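Contents: one structure, followed by commentary.
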Amino acid sequence: MRVIHSQSELIKTLKVLTNIAFVPTMGNLHEGHHKLIEEALKKTKYVVVSIFINPLQFNSKEDFLSYPRTIDEDLSILQKLNVPFVFTPSKEDILGALQIIEIHLPNIANDLCGKFRPGHFNGVTTIVCKLFNLIRPDLAFFGKKDFQQLFLIKELVKQLNYPIQIIGIDTIRDYDGLAKSSRNTLLSAENRKKASQLFKLMNTMKDEVIQKTSSFKEIEESATKSLNTSGWAVDYIAIRSAQSLKTPVHDENHIVILGAASLGSVRLIDNIEFCI
Ligand code: PAF
């Protein structure tokens, strides 16, 4: 496994290769990342995994500083998975002294998570573009847990004509349904027990949507109330079109329920996608 620390070394190393698959990460690798990497390795032997905790996508310094940093463990996982290339740039190398230019995203980037994390998706797409430009992958793998991120990256690639196939990989879940996330390790033991409530509630909402027991608005409000009563602080729980991420129109049948809520200081997101 070759661990590459600088842009110049990365460009030199990848220049001669074709058919590159890319898995961007912020480290603290868990089974969700393993799955992305395994799927990438099924497509090509030239897989690049990046590890960079991107300051541009955090809304507070505390959140950035508390993000789990486990580079030694991550490298040993990547070695075991037989990843050929790991890119771990420094902030200075990848962001330079100044980053003023950013991507102008569609309005949906300011809704859902974007409403509660202003500028978050500008930060995500800026770093993803920079990494795409350096790595020039043929394929790039992203988890479906970050449904809105995946949606915006697909739009970005389409609208900016990147010749990259974006592949979304299903969420990997823990024994009780909790979506695997780097943030799970920050949960207290008590809150870890509670954390699967979010996904369980989304399953109940899915049944209600399919059975048309109430209006979407009523289903969202009752789910929000139920989580808040159980000690969560809900940012949003929303029933949306899986195609547009907007409120479903009359005969829309491909639905996604998305949610973000905090337990203590740990903000979790999840979603469930289905057809009616
Ligand atoms: O999903 C993530 O871990 C990050 O948003 C990404 C895509 C690596 C960009 O920093």
In whole percent, the Cα-Cα distances of the chain spread across 10 Å bins from 0 upward as 6, 28, 36, 22, 7, 1
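Eigenvalues of the Cα gyration tensor times 5, then square-rooted: what semi-axes does that give for the range 163-222, in whole angstrom, largest first? Don't jump to the answer; show the numbers that get you there.
Working: eigenvalues 126, 91, 19 Å².
For the range 163-222, the semi-axes come out at 25, 21, 10 Å.
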Net charge around Val3, counting only other residues with Cβ within less than 15 Å of its Cβ (Lys, Arg = +1; Asp, Glu = -1)? -2
DSSP-defined antiparallel bridges as percent of all bridges, the chain, nearest 5: 50
Total formal charge among the other residues, if their Cβ is under 12 angstrom from that of Val47, Lys/Arg +1 and Asp/Glu -1: +1
Rounded to the nearest 10, the angle in degrees between the Cα long axis of helix 216-229 and the longest principal axis of the Cα atoms of the chain comes to 80
Please go through the range 143-191 and write out the chymotrypsin sites (Phe, Trp or Tyr not before Pro) that DSSP classes as loop and that have at most 16 other C-beta atoms within 10 Å. Tyr175
Which three lengths, in whole Å and largest first, does the range 90-154 cover when its Cα atoms are put on their principal axes? 32, 28, 18
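Mind checking the full-extension length gain between His104 and Gln165? Use 0.36 nm per residue of separation minus the Cα-Cα distance, one decimal, nm. Provide the component values of the computation, followed by the final result.
On the way: separation 61, 0.36 × 61 = 21.96 nm, distance 2.12 nm.
19.8 nm is the gain from fully extending His104 to Gln165.
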If I fit a long axis through the Cα atoms of helix 31-43 and take the longest principal axis of the Cα atoms of the chain, what angle between them do I get, 0 to 90°, rounded to 10? 50
So, for the Cα atoms of the range 61-183, Rg and Dmax in Å stand at 15.7, 44
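For Cα pairs less than 8 Å apart in space and 6+ apart in sequence, what is the mean separation divided by the residue count of the chain, i.e. the relative contact order in percent? Could you put the intermediate results ahead of the total?
On the way: 437 pairs, mean separation 48.4, N = 276.
Averaging sequence separation for qualifying contacts and normalising by length gives 18 percent for the chain.
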Sort out for me the Cα centre separation of the range 217-247 from the range 58-84, rounded to whole Å. 30
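Where does the charge balance sit around Lys80 when Lys and Arg score +1, Asp and Glu -1, over other residues with C-beta under 15 Å from its C-beta? Write down the numbers at each step before the final one.
Details: positive: Lys35; negative: Glu31, Glu38, Asp72, Glu73, Asp74.
Summing Lys/Arg as +1 and Asp/Glu as -1 gives -4.
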Along the range 100-114, what does the Karplus equation 6.51 cos²θ - 1.76 cosθ + 1.60 (θ = phi - 60°) give for ³J(HN,Hα), rounded to whole Hz, x for Gly and Pro? 9, 6, 9, 8, 8, 9, x, 3, 4, 5, 9, 10, 6, 4, x
Over the residues of the range 111-195, compute the C-alpha Rg and express it relative to 2.2 N^0.38 Å. 1.28
Could you give the semi-axes, largest first, of the ellipsoid that matches the range 143-265, computed as the square roots of 5 times the alpha carbon gyration tensor eigenvalues and rounded to whole Å? 26, 21, 12
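For the peptides 163-174, 46-57, what is the packing order when you average, over each peptide's residues, the other Cβ atoms within 10 Å and list the highest mean first?
On the way: 163-174: 16.3, 46-57: 21.7.
Packing proxy ranking, top to bottom: 46-57, 163-174.
Where the only charges are on Cβ atoms (+1 Lys, Arg; -1 Asp, Glu), what is the dipole of the chain about its Cα centre, to the nearest 20 debye? Before the final figure, lay out each step's value.
Numbers: 33 positive and 30 negative charges, 88 e Å.
Dipole size: approximately 420 debye.
Counting helices only, and only those DSSP H runs with n ≥ 4, report the 222 nm mean residue ellipticity of the chain as the sum of -39,500 (n - 2.57) divided by its residues, in deg cm²/dmol to the nearest 500. Display every interim value, and only then the final one.
Working: 11 runs with 110 residues, N = 276.
Taking each H run of at least 4 residues, the total per residue is -11500 deg cm²/dmol.
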Among His254, Gly168, Phe141 - extreme Cα towards positive end, dipole of the range 135-276, charges at beta-carbon: Phe141
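Obtain the radius of gyration and the Kirkwood radius of the range 193-253 from its C-alpha atoms and give Rg over Rh.
On the way: Rg = 12.1 Å, Rh = 12.3 Å.
Expressed as Rg/Rh, it is 0.98.
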Given points 7 Å out from each Cα along the Cα-Cβ axis, report the Lys12 to Asp63 separation in nanometres with one decimal. 3.8
Give the residue list of GluC sites (Glu not before Pro) in the range 1-72 that are DSSP loop and have at most 11 other beta-carbon atoms within 10 angstrom. none
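For the range 1-95, what is the Kirkwood hydrodynamic radius in Å, using each pair of distinct C-alpha atoms?
Working: mean 1/r = 0.0717 Å⁻¹.
This gives a value of 13.9 Å.
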Options Leu56, Leu268, Ser90, ranked by Cα towards positive dipole end of the chain, top entry (Cβ charges): Ser90
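Rule-based calculations on the coordinates, nothing more; no lab input. The model shown is predicted, which means the values in this text are computed figures rather than measured ones. Glycine also receives a Cβ, built like all others from the backbone with ideal geometry; neighbour counts cover every protein chain displayed.
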